[in-house]
1. Sequence-distant or interchain residues sharing an amide H contact under 5 Å with residue 162, placed H: which?
2. For the ranges 383-389, 57-63, 19-25, what's the packing order if you count other beta-carbon atoms within 10 Å of each residue, average per peptide, and put the highest first?
3. Just to confirm my numbers, what's the Cα centroid distance between the stretch 209-247 and the stretch 148-200 in Å?
4. Given only helices, namely DSSP H runs of n ≥ 4 each adding -39500 (n - 2.57), what is the per-residue ellipticity at 222 nm of the chain, to the nearest 500 deg cm²/dmol?
5. Considering the chain, which cysteines have no disulfide-compatible partner, defined as another cysteine with its Cβ under 4.7 Å away?
6. Under the classification rounded if a/c is under 1.5, otherwise prolate if a/b is larger than b/c and oblate if not, where does the stretch 272-395 fall, given a ≥ b ≥ c as square roots of the Cα gyration tensor eigenvalues?
7. Within 10 Å of each residue's Cβ, count the other Cβ atoms and sort 7, 333, 226 from fewest upward.
8. Give the peptides 291-301, 163-173 in descending order of average Cβ contacts within 10 Å, highest first.
Amino acid sequence: MQKFSVDSNGYYGEFGGAFVPEILYKCVKDLENSYLRILESEKFKREFEQLLRDYVGRPSPLYLSQQLSERFGCRIYLKREDLNHTGAHKINNAIGQILIAREMGKTRIIAETGAGQHGVAAATVCALMQMPCTVYMGKTDVERQAVNVKKMEMLGATVVPVTSGNMTLKDATNEAIRDWCSHPEETHYIIGSTIGPHPYPDLVARLQSVISKEIKVQLMEKEGRDYPDYLVACVGGGSNAAGTIYEYLDNDRVKIVLAEAGGKGVDSGYSAATIQLGTIGVLHGCKTLLMQTEDGQITEPYSISAGLDYPGVGPIHANLASQHRARVLPINDDEALRAAFELTRKEGIIPALESAHALAALEKVDFDPDDVVVLTLSGRGDKDLETYFKYENQF
Ligand SMILES: *Cc1c(COP(=O)(O)O)cnc(C)c1O
């Protein structure tokens, strides 16, 4: 795991680090000093494994899709994170982090959310552990995602609409960091993806690595070898992708294909293809590729899929792309929609719009007949039904 995992300074190549206000320095340092010890403790492992099994419903199945296999002329497996409790991979991370928060004596949880998926996962584990939860969400997103707001409130969380900036995820994250600065002692900030200051990207990647640990066992059973030829996943901040590739980073027989949101087209001005379009800068505590103007103003990302329109990307993935370990493909809205309808009609599985970007990436790769491909279906499409209904006649 040497070349592509985090170094002792919290960097992946030139990306990563911990750029936090003075007042948070101790909090971040405490987490850095504790997380590996907690993750490796028997108590944590026992509780985490038990909750993943009995509460989340893991292991998630590895499903051989006959239809996709025929269409692409190789063997294509879907890693079914869509079948998890709350409908996506995000719960894996939320459960892990709340166990860590409890172990560190924290009594209060905060989180940021864009579309609301991470907010719902955080509110869910807070209900489970009976901890108070405050979720920061841009006012624009609060209006766009009313069902998720209601869900979080029903779960007992307080949702705070943020009215600064464009009133979206970036602004919600700023507000969450401000809250953390005001209550650093008792608060744990559950970050929802492989972003933020070190050690968050590494912590989230380790918690999501259960995905690739299961893939290894499941492929061994089904294929007689524990690695695929290709791994395919979508990238917003990068957590489902990080979990999918974690165990295979140093296995160069395994090719990594990542799908990021092209929006209406990489050059259209409406895109969230951060790895294609980004330049290096600091956002939310880490140095990574960002969508920004020449003078460092963050530009608002766009994607039909709310979970992929983040202006940055995890430092892990920025490094994998710059080292050419991963091939990164921008997928446009219409390509993702077409792939979503195809999976729905051919397999009876309605995928999340984010996951549909990974499905659309299959079209852009030349597979050999012997290839074994594992694609992570990060979530289910229930939350995207309104969008699907709107476009149904076009596909
Ligand atoms: C949030 C989300 C994503 C994007 O987040 P990552 O951290 O990049 O995984 C992808 N798929 C689904 C279903 C999501 O909810």
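Since every read-out is calculated from the coordinates, none of them should be taken as a lab result. Treat the numbers as computed from the prediction; the structure is a model and nothing was measured. Cβ atoms come from the backbone with ideal geometry, glycine included; neighbour counts cover every protein chain shown.
1. Amide H neighbours of residue 162: 137, 138, 139.
2. Details: 383-389: 15.4, 57-63: 17.9, 19-25: 13.7.
Top of the packing list down: 57-63, 383-389, 19-25.
3. Using only Cα atoms to place each centre, the spacing works out to 29 Å.
4. Details: 16 runs with 162 residues, N = 395.
So the helix-based figure for the chain works out to -12000 deg cm²/dmol.
5. Result for the chain is 27, 74, 181, 234, 286, no neighbouring Cys Cβ within the cutoff.
6. Values: a/c = 2.46, a/b = 1.44, b/c = 1.71.
Since a/c reaches 1.5 but b/c is at least a/b, the shape of the stretch 272-395 is classed as oblate.
7. Numbers: 7 11, 333 24, 226 15.
Exposure proxy ranking, most exposed first: 7, 226, 333.
8. On the way: 291-301: 13.9, 163-173: 20.6.
Descending mean neighbour count gives 163-173, 291-301.
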